[in-house]
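Data first, discussion second: the structure below is written as structure tokens.
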């Protein structure tokens with residue numbers, strides 16, 4: 001499959017902290033389905049983490065307890081997100097972080113990502129294609145590539161930026177002899193964590 005023909009899902013999560021194994025949870029999830037470079041569908045929601053938000057997280061992502069009040073739980077959100085993704089390639093910036101939280105939240109419901117679901121990391125792509133950059137922050141990369149940057153540290157805004165960044169990175173790929181989806185994933189894909197399932201039921205695969 002040629003890169004210009006790819007259909008993929010760009011996504012981003014905001015969380016209460018850095019580690020799901022320490023009790024941190026997803027509080028916002030945003031995604032955009034992109035077909036041949038055009039956004040064709042979107043998914044955005046707050047998520048109730050069922051725990052109070054700490055001040056550090058609130059300062060960083062500007063999400064408050066009031067904003068997530070009445071939001072669906074991860075047990076509702078994650079199946080919806082995986083249905084939205086529909087088995088397409090998932091793409092995120094520093095994807096190991098985001099997919100770690102998604103995988104953990106799925107494990108809480110006795111579910112897991114299908115082993116064949118590819119996950120692409122735009123940070124790895126940037127490090128390879130733009131080695132001169134002094135920062136790998138998404139906003140910094142976007143500025144360097146001429147992608148408009150608005151708000152950051154919110155899932156919806158970061159997805160908008162990332163769609164533009166990924167399009168620019170795809171355009172650079174041929175300069176590095178990467179022309180197919182298989183070559184892209186082989187070099188810039190990330191492993192999905194294998195968390196222990198939290199129920200006694202057989203895991204459902206997405």
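Points to keep in mind about this one:
- Degrees between helix 74-85 axis and first principal axis of the chain (Cα, 0 to 90, nearest 10): 30
- With the convex hull of the Cα atoms taken as the outline of the range 1-98, the averaged projected area works out to 6.9 nm².
- Degrees separating the helix 95-108 axis from the principal Cα axis of the chain, which is the longest one: 30
- Considering only 189, 150, 86, the Gaussian network model of the chain with Cα springs below 10 Å gives its largest mean-square fluctuation to 150.
- Mean separation of Cα contacts under 8 Å (6+ apart) over length of the chain, as relative contact order %: 26
- The sum of -39500 (n - 2.57) across all DSSP H runs of n ≥ 4, divided by the residue count of the chain, sets its helix-only mean residue ellipticity at 222 nm to -11500 deg cm²/dmol.
- Candidate values (1) 16.7, 50; (2) 15.7, 47; (3) 21.1, 78, label of the one derived for Rg and Dmax of the Cα atoms in Å: (1)
- Percent antiparallel among DSSP beta bridges (both partners in the range 3-190, rounded to 5): 70
- Pairwise centroid distance, computed over Cα atoms, of the range 34-91 with the range 103-172, Å: 15
- Residue exposure proxy: 104, 176, 43, ordered by other Cβ atoms within 10 angstrom of their Cβ from fewest to most, comes out as 176, 43, 104.
- The ranking of 35, 112 from fewest to most other beta carbons within 10 Å of each one's beta carbon is 35, 112.
- Note on 19, 107: ascending count of other Cβ atoms within 10 Å places them as 19, 107, the fewest first.
None of the figures in this text is laboratory data; all of them are computed from the coordinates on show. On a predicted model such as this, the values are computed, not experimentally measured, just so you know. Methodologically, a virtual Cβ is constructed for each residue, glycine included, from the backbone with ideal geometry; neighbour enumeration extends over all protein chains shown.
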